[in-house]
Structures are given as C-alpha cells and as structure tokens.
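*Asks:* First, the structure itself, so that you have it in front of you.
The values are calculated or read from the model by the stated rules, or taken from the named source; none is laboratory data. Computed from a predicted structure; not experimentally measured. Heads up, the Cβs are rebuilt from the backbone with ideal geometry, glycines too, and the neighbour counts pull from every protein chain shown.
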C-alpha cells in the first residue's frame, strides 16, 4: 500500500528529529535521570515536529525496555503508538474536540489504570482550541493527576492558552527549521526515493513552506509527480504560482519611480494571470532581500542589474521600513475581505517610503487638469475591485448550464428572459409579455428557491431572483381570443414545470 512521503519519513526516534536538538536533549536527559513531569507543552509553527516529538516521547516512556531515550520500535507498545492504535496513548484533536464533555471523559478515564503500558498518555493537538469550560475542567485534572498519567500538549498559538494551564506544564518552544536542516532532509529523501532535484528548487520549496518540514516533504511529493524527470527550479515556481522575477522587478521599479498608476496596472496584471497576492508580496520581500545582501556586499549578482541601479541609493532605514510594511500587510491580507484594495494601499505606502519625489507632485505632473487626491485614487481602486468582483463572481451563461443539469425546464424558461440588472443581491430578469408564462413558472416558490440555491453554490452569494415583465411587448394572456377560450372553458394556463 502506498504511503505518502510525510508519513513514510516521519521520525521514529529522537535522533531522527530535524532541527530541534535542544528540545530533544532536554527530554532525553529527563528520561535518563528519571525526572519526568506530568505535563508538557510543545509550542511552535506548523510542521516543525511538535506532535512527532510527543509521540516519540510517549514511545520512550512506554517501550517495553523503558523508560529509555531510544525506543526499540519493535515491541507491541512502540508499534501501537507508531500506528496510533495504542489504548494507553490517546491522541485528541483539540480543534474538533473542543467541548467540555470530551475533557470530562478524560477526567473519568484518568482514574483507570493503563491497560498494559507503564503510563497512560494523552496527546492533545492544537490544545489552544479548547473552550474556556474545557480548560477549567482540564485544570482540575492537571492539579493532582495520578502518577501513571502524562499529558503532552501541542499548539501553534500558546498565547491563547490560559496561564493557569501553562504554569502546570514544562514548556518547550520549537523553532522554524533552518534551511540547511530542511535541505539535508530533502536530499536524504530524494536519494532514497530516486528523485533528482536541483538545489535551487529545494530553496524555493523551503521559502514557500516557511520552515515547515512536513509541508516541504508534501510539496516535494507533489512536484515530483508534476515534473518530468529531474525537478527543476522553474517546475516548483510554476506549480506554486510564483510570479516571474521580471514582473516583480517591474512593479518595484515603478514604485521607486513614483509611478502609482503603472504600479497598480502591474499588480492587476499579475492578479489577472492567477498569481496569489500573498505570493506577489513574498516575491517583493525576497527581491528586496537580495538588494540588501548586494548593498552589504554579501552577494554581487545584482550589482549590474537595472533594478539595483534604481534602488542602490536608497537608505537602509527606508528599505527596512518598506519591508516592515509589506510583512504587515501580507499578514493582514490573509484576514481582510478586500485583499486587492489592501495591496493597492500598500503600494501607496511603499511609494511614499521608497519613491524619489512626492506622490502629489507626480499625480499633478501626470495630469495637471485633474486635482485628484490620494483618497480619490483609493476610492477609484475600490470601484475597480467591486467591478472585478462582479465580473469574476457572476457568469449568467455558466449559471444557466448548472441549472440545466439540475432541471432543464427551468433553464429553458430562464433562456426566454434576460438579466436586466444586478442591484446589490437582487437579480432582475425581464421577460417579454409573450413569455409571461415562463415568468410565472420562474416565480413559483419551489422553482425560485432552486434557482437561487444553484446561484449561491456557483457564486457564494445569496442572490434573489426577481422576474419582471417588459412592458413594451404583448402578453399572450392579454390576447382577446386567448381570453375568450380561457373564459369559455373556465380554464387556466398550466405550466411545464415537470
């Protein structure tokens, strides 16, 4: 059975753990001198080894030869922990088990002796996700646990854990892995898996994964499937959607030249090509980082570039100020509802920090007849964003195809109308009077709801359908002959819904 690389090469001993030497040494020492606390908290970014270290620690304590700093990985206890099937080492996901009931179950079970191991160990991942009530219940257990109970907590957000919980744990802060540690591990895996890869490609994987080994291995596996033969630097960039270096340089050059409009055009060009905004900002940071290295004499490859010539006379203090702005907005953009607008405002700030002349002067020079302020430009940017959103979210022909798959008669009725306008969340669909029957079919509550549901699934917005008649054409229902027939037979126009 195929096993993904991240699981296949997950460390099974402390010696195999990558880049967390200090933490590992302290835990090994605690085992050797038999000073093992009842609760441990492992904090740090994702993918740096928190739960891996917790599992290895659990094996060290419950190995048939233990407590020992190097588990045998052959006894039933070790194998069951490795396979997450041990009755005495229980892993709990704090993100999905947030309620007090789950913690109460732990409190009840801690009074039961381990089934066959030395210790009963609870590994709670993302412990910061527990509710306040759950933390309070857990606190009572942490105060006076039985000697055979151990708690291993892992978290990416230790600041969200109550101080009363932290104070009862031995805390270990795991750091993002250094590039040399990750490269060494990736090369080892590539050698075992017969994967050829360029060193620059590994650098790109490392920077994208921000020091997470687990993410780096997963990305290696993905790009190895994507690439034909040797994994190249360009393969990784193409797969990840990184913008071209030339495009980033052009954007930064226009920022330096105080060309606000050109900078915005550069940004929107990259976005229209499908480039992620966060990766655009990451590309800017890395390009400026290369500039800093060149200015400090660490690298010479930028020395003769046009980009370096434009930026070489900028003060280091201003460079750092601009980078801080990019990092701040990169963080904010992940949470904001208007990422494009936020990025436009960032460009405005960078022009103010890095440009060679005042932006007000540049605007007036570009068009002296216009007296646009910075705020006018930002407001226009908002309008551009809103128009782009409408264009990207709403495609009536595509929506009709979705409706046709669900119910062809509804799609046929809608085809006889046309989208007159979209006002907020209201979609006005006009019908000529001769198609009033089709309008009435759309107006039926069950049909209207079905259409709106399909539109929501396609656009993610709660649009309301409002059918209206075009008053400039004649309805078949108003035809005198048709009226006579209906009255004579005491009848009505039926629909073709089914």
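*Asks:* Of the numbered conditions (1) in contact (Cβ under 8 Å) with a residue 40 or more places away in the chain; (2) touching a helix residue (DSSP H, G or I) at 6+ places or on another chain (Cβ under 9 Å); (3) within 29 Å of residue 75 (Cα to Cα), residue 120 fails exactly one; give the number of that condition.
*Replies:* (1)
*Asks:* Does at least one position in the range 43-63 carry a residue that is modelled with pLDDT under 95, exposed (fewer than 14 other Cβ atoms within 10 Å of the Cβ), touching a helix residue (DSSP H, G or I) at 6+ places or on another chain (Cβ under 9 Å) and assigned by TED's automatic domain parsing to the domain that holds residue 133?
*Replies:* no
*Asks:* Please list, ordered by first then second residue, the pairs with beta carbon atoms under 9 Å, 6 or more apart or interchain, first in the range 151-163 and touching a residue at least 60 places away in the same chain (Cβ under 8 Å), second exposed (fewer than 14 other Cβ atoms within 10 Å of the Cβ).
*Replies:* 158/173
*Asks:* Using the structure shown, decide if residue 371 is outside the structural domain of residue 436 (by TED's automatic domain parsing) and either farther than 16 Å from residue 261 by Cβ or modelled with pLDDT under 50 (or both).
*Replies:* yes
*Asks:* While we're on this one: Looking at the range 88-113, which of the residues that are under 22 Å from residue 68 (Cβ atoms) and surrounded by fewer than 17 Cβ atoms within 10 Å (Cβ to Cβ) is nearest to the chain's Cα centre (by Cα)?
*Replies:* 90
*Asks:* Condition check: part of a loop (DSSP other than H, G, I, E, B) and touching a residue at least 12 places away in the same chain (Cβ under 8 Å). Does residue 177 satisfy that?
*Replies:* The answer is yes for residue 177.
*Asks:* Also, I was wondering about something else. Identify, by number, the condition in (1) part of a helix (DSSP H, G or I); (2) crowded, with 19+ Cβ neighbours inside 10 Å; (3) more than 33 Å from the chain's Cα centre (by Cα) that residue 117 doesn't meet.
*Replies:* Residue 117 satisfies all of (1) part of a helix (DSSP H, G or I); (2) crowded, with 19+ Cβ neighbours inside 10 Å; (3) more than 33 Å from the chain's Cα centre (by Cα) except (1).
*Asks:* Out of 220, 240, 213, 252, report the one residue that is in contact with a helix residue (DSSP H, G or I) (Cβ under 8 Å, 6 or more places away or on another chain) and free of Cβ contacts under 8 Å to residues at least 40 places away in the same chain.
*Replies:* 240
*Asks:* So, residue 15, is that one farther than 24 Å from residue 129 by Cα and either outside any helix (DSSP H, G or I) or not assigned by TED's automatic domain parsing to the domain that holds residue 215 (or both) or not? Give the derivation first.
*Replies:* Details: farther than 24 Å from residue 129 by Cα: yes; either outside any helix (DSSP H, G or I) or not assigned by TED's automatic domain parsing to the domain that holds residue 215 (or both): yes.
Against the criterion (farther than 24 Å from residue 129 by Cα and either outside any helix (DSSP H, G or I) or not assigned by TED's automatic domain parsing to the domain that holds residue 215 (or both)), residue 15 qualifies.
*Asks:* Evaluate the range 65-82: report whether one residue or more is in contact with a strand residue (DSSP E or B) (Cβ under 6 Å, 6 or more places away or on another chain), over 20 Å from residue 38 (Cβ atoms) and outside any helix (DSSP H, G or I).
*Replies:* No; the residues of the range 65-82 include none that is in contact with a strand residue (DSSP E or B) (Cβ under 6 Å, 6 or more places away or on another chain), over 20 Å from residue 38 (Cβ atoms) and outside any helix (DSSP H, G or I).
*Asks:* Something else about it: Kindly indicate which of 422, 377, 351, 399 is modelled with pLDDT of 80 or more, assigned by TED's automatic domain parsing to the domain that holds residue 277 and closer than 30 Å to residue 278 by Cβ.
*Replies:* On inspection, the qualifying residue turns out to be 351.
Residue-wise test of (1) touching a strand residue (DSSP E or B) at 6+ places or on another chain (Cβ under 9 Å); (2) crowded, with 21+ Cβ neighbours inside 10 Å; (3) not in a helix (DSSP H, G or I).
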position	(1), (2), (3)
202	yes, yes, no
206	no, yes, no
215	no, no, no
220	yes, yes, no
224	yes, no, no
228	no, no, yes
239	no, no, no
251	no, yes, no
261	no, no, no
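*Asks:* Moving on. Take the residues in the range 1-42 that are closer than 23 Å to residue 146 by Cα and under 30 Å from the mean Cα position of the chain (by Cα); name whichever of them is surrounded by the most Cβ atoms within 10 Å (Cβ to Cβ).
*Replies:* 42
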